[in-house]
Every structure is written in structure tokens, then in C-alpha cells.
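A.B. asks: Questions regarding the structure given below will be posed in turn.
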Amino acid sequence: MIRVGIIGATGYAGAEIARILLGHPEAEVVWYGSKSYVGEEFSNVFGSLFSIINDKCLDDNMEELADKVDVIFTATPQGLCASLINEEILNKVKVIDLSADFRLKDVKVYEEWYKIEHKAPEFIDEAVYGLCEINRDKIKGARLVANPGCYTTCSILTAYPLIKEGLIDPDTLIVDALSGVTGAGRGAKVANLFCEVNESCKPYGVASHRHTPEIEEQLGYAAGRKMVINFTPHLVPMNRGILATEYASLVKKDGKLPDSSDIRRAYEKYYGDEIFIRLLKDGVYPETRWVQSSNFVDIGFKNDERTGRIIMMGAIDNLIKGAAGQAVQNMNIMFGLNETAGLKLVPKCP
């Protein structure tokens, strides 16, 4: 049985990790870390887990708590994991970090976009970007995994095969994405109050959202060169879910543009055997409600022959495949378990 610790257990993503692991056949949570609720029962914070989880929350002393577990999830704000981690800890346990601390390989880019000093740049090169369907082989031997962001998971997976196969021009990629309010975390913010969000939809972080360089970096690996994209996130009045709609110009091969069958073959080549990626039928497009509370990514596309552009669409649950579910999937890969262990979560609707 894999012994698990969660730092940041009382945030939305941390609580989802706890909930998922309750159904995991080969893992158990040994301690729940939460600096804001030290000494309080976990179920007092999330009443849904009353009489299910009876443990009290501990602090975030990673060095001391590492002696008790095999893997630590850090579902914490940017900067905390980097400030706590060291070689001694990584010699004891594996770490799966849900923050952005180790996602970007250029420390200057991280500090520019996140406006904080990186406290552990010596571990950046070692960290593996935990996009399971793309980096599975690298994840297997990792001590430190950088769990991807929610917008980035959806945006990258939706476009990756077409960029990798050279079917679209990377320089023309535009990503418009919608997210539920849980994507902003559990902290109290006026902009996320019910009356501020309900009956409204708004763009934010326009040309400045900090997931932008993450998407550019990872899709740049697929393109074989650096990329610059337009990424515009939007907040919509729902609890959870992300829908990404992406546009790019198709690239001619042998004097003609790819048709829909070429596009589908590319998706099938990379995702045909992926349990958590569902390629939708022609004319069927993703909806957030069909992936809610699951680890699935639903992907659809429309070849717009009139404009010579492709419209790609992807949907995920931002708290599951965009955070906690992907983190557990990474854990399964790191420990050589069945990748679906604890993650056979059927989407719920309504």
C-alpha cells in the first residue's frame, strides 16, 4: 500500500486528491497538511467527508512529514513547494507538485510571469512535466513531477497531435478557453463572489495569463521550435469544467490541405489507445457536463474548408484531469500501478 501525504489538502484540488484516494485500491492517505486548518478535523472543512475522513489537519512541515509517506502531493500556491523541497526530501519520497514551480524550464520565464523568485532552481531540470499521455515514459522514473495546469492540460492535448504531425501552422494558433470558478482556487476574492460571477461571462488575464508560457513551451516541443500563441481565458458561472476552443491554419501537403480524415488519423495515432482521451464522433463537440467529475478529456474538431482553418475543441473537469485526477494518474505511473487505479470515475450528469 502506497502511503500518501497531501500538503494543501483543504484547497479544492487537495480535497479532490483525498476523495479520489478513498477509492484507490493501492494507496492510502497517511496525513493531511493544511497550514490554515492545523488541528482541525478535515471533515469540518469539507462536510461531505463527515464520518469518512476523521483525521485532523497537520502543518506543512514537508521535511518532517516525509518520513511517514512514499509520495507527497503539494496542492499549494506558487512558490511554496520550491521553498520547502530539498535533496534530502527527494531521497525519501516522490513529490507531485500541483503548482507551477517546476513546470517551466526557464527560471527567468517563471519569475517574469509569476512575479516571485524561484527558491529551488536546481531541481527544475530534473522535474518531469506530468502530462501523462505525452510524457509517460519520463514520468515512470521521476522523483519530482510538475503536474500541469488545468487550462494547459486541455489546451495542449487538444492541439498536440496536429502540431506534432505538421498539419497546422503553429504560428497561427489561437486558444479561447472557458473555466468554472473553482479554477481560481478556494481563497476569498471579491471577483469570485456569487453576485460578481453569476449571470455573466468575462475574459481575464488577456494577453497576460500565466498559463500562456506553459502552453507555448510544451507545444513548442511538439513543433520542434519555439511558439508564441494568443491565449484568452474566460470565467463562466459554473463550479467546474474547462472548454477550450482552438483555431489554426492548416498546412498544405503535396499541394492540398488536410481533410477531415487526415485530421482524425492524426488524433487516432496519438490518442487511439488512451483510456482517458475520448475522440468524439464527427459532428459531435465537447461539453463540460459530459466530463464532469471524471478524468476524461473529450476532443472534437471541425475542418472549416471555407477558411482553410481547423477548429479544435477540448473539455475537461479542471479539478480532476486538470489537477487531482492527473496527479493521481502520475502517481500510478511513478509506482508502476495500473494507470486507471482510483480513476474509474464515470462522469456525472446532471
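A.B. asks: Just to be sure I understand: of the beta bridges DSSP finds with both ends in region 248-350, what percent are antiparallel, rounded to 5?
C.D. replies: 75 percent
A.B. asks: What is the extension gain from Phe335 to Val109, computed as 0.36 nm multiplied by their sequence separation minus the C-alpha to C-alpha distance, in nm to one decimal?
C.D. replies: This chain segment gains 78.2 nm when fully extended.
A.B. asks: What is the gain in length, in nm to one decimal, between Lys140 and Asp67 on full extension, counting 0.36 nm per residue of separation less the C-alpha to C-alpha distance?
C.D. replies: Working it through step by step, the gained length comes to 24.1 nm.
A.B. asks: Can you say what percent of the DSSP beta bridges in the chain, counting only those with both residues inside, are antiparallel? Round to 5.
C.D. replies: 45 percent
A.B. asks: Going Cα to Cα from Lys202, which lysines come in below 23 Å? Please leave out same-chain ones fewer than 8 positions away.
C.D. replies: Lys189
A.B. asks: Something else about it: Among Arg225, Arg306, Arg103, which one shows the biggest mean-square fluctuation in a GNM of the chain, springs joining Cα atoms closer than 10 Å?
C.D. replies: Taking springs between Cα atoms under 10 Å, the residue moving most is Arg306.
A.B. asks: By how many nm would the segment from Val228 to Asp169 lengthen if fully extended, with 0.36 nm per residue of separation less the alpha-carbon distance? Present the calculation step by step, with values, prior to reporting the outcome.
C.D. replies: Working: separation 59, 0.36 × 59 = 21.24 nm, distance 1.14 nm.
Here the answer is 20.1 nm.
A.B. asks: Oh, and also: At a Cα cut-off below 15 Å, give the aspartates and glutamates reachable from Lys119, other chains included and same-chain residues fewer than 8 away excluded.
C.D. replies: Output for Lys119: Glu87, Asp97, Asp101, Asp106, Glu111.
A.B. asks: Here is a follow-up. Rounded if a/c is under 1.5, else prolate if a/b is larger than b/c, else oblate: which is region 232-337, with a ≥ b ≥ c the root eigenvalues of its Cα gyration tensor?
C.D. replies: In terms of gyration-tensor shape, oblate.
A.B. asks: Region 224-251 to region 275-316: how many Å between their Cα centroids?
C.D. replies: 13 Å
A.B. asks: Here is a follow-up. Mind sorting Phe102, Phe46, Phe276 by how few other Cβ atoms lie within 10 Å of their own Cβ, fewest first?
C.D. replies: Working: Phe102 27, Phe46 18, Phe276 23.
The order, fewest Cβ neighbours first, is Phe46, Phe276, Phe102.
A.B. asks: Quick test of the membrane-span-like rule: which DSSP H helices of the chain reach at least 15 Å along their long axis (C-alpha atoms) with mean Kyte hydropathy at least -1.0?
C.D. replies: Numbers: long enough: 150-164 (21 Å, 0.83); 212-223 (16 Å, -0.51); 260-271 (16 Å, -1.59).
Both cut-offs are met by 150-164, 212-223.
A.B. asks: Please label the shape of region 53-186 as rounded, prolate or oblate, based on the square roots a ≥ b ≥ c of the eigenvalues of the alpha-carbon gyration tensor (a/c under 1.5 means rounded; beyond that, a/b larger than b/c means prolate, else oblate). Before the final figure, lay out the partial values.
C.D. replies: Numbers: a/c = 1.83, a/b = 1.67, b/c = 1.10.
Here region 53-186 falls in the prolate category.
A.B. asks: So what is the calculated 222 nm ellipticity per residue for the chain, using -39500 (n - 2.57) for each DSSP H run with n of 4 or more, over all residues, to the nearest 500 deg cm²/dmol?
C.D. replies: One gets -7500 deg cm²/dmol as the mean residue ellipticity at 222 nm.
A.B. asks: Additional query: Which of Met1, Met238, Met331 comes first, and how do the rest follow, when ranked by fewest Cβ neighbours within 10 Å?
C.D. replies: Least to most surrounded, the residues fall as Met1, Met238, Met331.
A.B. asks: Give the lysines reachable from Lys321 as a straight Cα distance under 23 Å; neighbours fewer than 8 places away on the same chain don't count.
C.D. replies: Within the straight-line limit of under 23 Å, Lys321 reaches these lysines: Lys94, Lys105, Lys138, Lys140, Lys164, Lys269, Lys281, Lys344, Lys348.
A.B. asks: Right, next: Taking only Cα atoms of the chain, what ratio of Rg to Rh do you get with Rh as the Kirkwood inverse-distance radius?
C.D. replies: With Rg and the Kirkwood Rh in hand, the quotient comes to 0.96.
A.B. asks: In whole angstrom, note down how far apart the Cα centers of region 14-59 and region 88-167 are.
C.D. replies: 26 Å
Laboratory data are not the source of any read-out in this text; all were calculated from the coordinates shown. All figures in this text were calculated on a predicted structure; none of them were measured in a lab. Cβ coordinates were reconstructed from backbone atoms using ideal geometry, including for glycine residues, and neighbour counts include every protein chain displayed.
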